[in-house]
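Working notes for the structure below.
FYI, it's all coordinate maths here, none of it is from the lab. Computed from a prediction, not measured in an experiment: that's the story for all the values here. Cβ coordinates were reconstructed from backbone atoms using ideal geometry, including for glycine residues, and neighbour counts include every protein chain displayed.
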């Protein structure tokens, strides 16, 4: 099952490496920081860059969450499994399916979506946001970024993802 570990924003990769080195292999199946791709312009050329999808969070895959929690106490950084009413809550099936559909083990990076603007509506043509236009709260066409509001980890999270608007139809 997939669980969310909260940590200090900006230290996700360092904490993930610590967890991988300090937690036993039979307890931890995978530890990763979800990322997203975005197009950025440097000196007139567009380049693909990556950024953290959920700042302050990383995801661990384990079937033994109680042992993981006790071993996380050995990690010399702030890292705790998100819980609700004293029990650890795994990610919902649709949350796991969305992340798993657009990433692969060893490379957990969500790709760039492409879309068009028709009037005041955004229509996503390809990429991870197809059919999820309701998540988009605003877009920045210049930065090729969509600002999302997602129900994830048992709460509403605001995040960004790459979205290139191909054209605007009136």
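Suppose we keep just the alpha-carbon trace of segment 51-120; what are its Rg and Dmax in angstrom?
So, for segment 51-120, Rg and Dmax equal 16.2, 54 Å respectively.
Work the Kirkwood hydrodynamic radius out for the chain: mean of 1/r over every pair of different alpha-carbon atoms, inverted, in Å.
The Cα-based Kirkwood calculation yields 17.2 Å.
Please identify which residues in segment 6-39 have an amide N closer than 11 Å to a label point set 7 Å out from the Cα of residue 80, following the Cα→Cβ vector.
The answer is 6-7, whose backbone nitrogens lie closer than 11 Å to the label point.
Please give the length that would be gained between residue 26 and residue 13 if that part of the chain were fully extended, namely 0.36 nm times their separation in residues minus their C-alpha to C-alpha distance (nm, one decimal). Before the final figure, lay out each step's value.
Details: separation 13, 0.36 × 13 = 4.68 nm, distance 2.10 nm.
Extending this stretch completely gives an extra 2.6 nm.
Using Cα springs under 10 Å in a Gaussian network model of the chain, which residue among 16, 31, 49 shows the largest mean-square fluctuation?
For the chain, modelled as a Gaussian network with Cα springs under 10 Å, the answer is 49.
Go ahead and set up a Gaussian network model of the chain, Cα springs under 10 Å, then flag whichever of 112, 15, 27 fluctuates most.
Evaluated over the chain, the most mobile residue of the options is 27.
Within a 10 angstrom radius of the beta carbon, how do 48, 7, 109 rank from fewest other beta carbons to most? Walk me through the numbers on the way to the answer.
On the way: 48 12, 7 23, 109 17.
The fewest-first ordering by Cβ neighbours comes to 48, 109, 7.
How do the peptides 155-163, 116-124 rank, highest first, by the average count of neighbouring beta carbon atoms within 10 Å per residue? Mind dumping the intermediate values first?
Numbers: 155-163: 17.4, 116-124: 12.9.
Answer by packing, highest mean first, reads 155-163, 116-124.
Among 52-59, 39-46, 17-24, how do they line up by average Cβ neighbours within 10 Å per residue, starting with the highest?
Working: 52-59: 20.0, 39-46: 9.5, 17-24: 15.0.
Highest mean packing first, the order is 52-59, 17-24, 39-46.
Roughly what angle does helix 93-102 make with the longest principal axis of the chain, taking Cα atoms, 0 to 90 degrees, to the nearest 10?
That works out to roughly 60 degrees.
For labels at residue 168 and residue 96 in the simple 7 Å Cα→Cβ model, what's the distance in nm?
Spacing of the two 7 Å Cα→Cβ label points: 4.2 nm.
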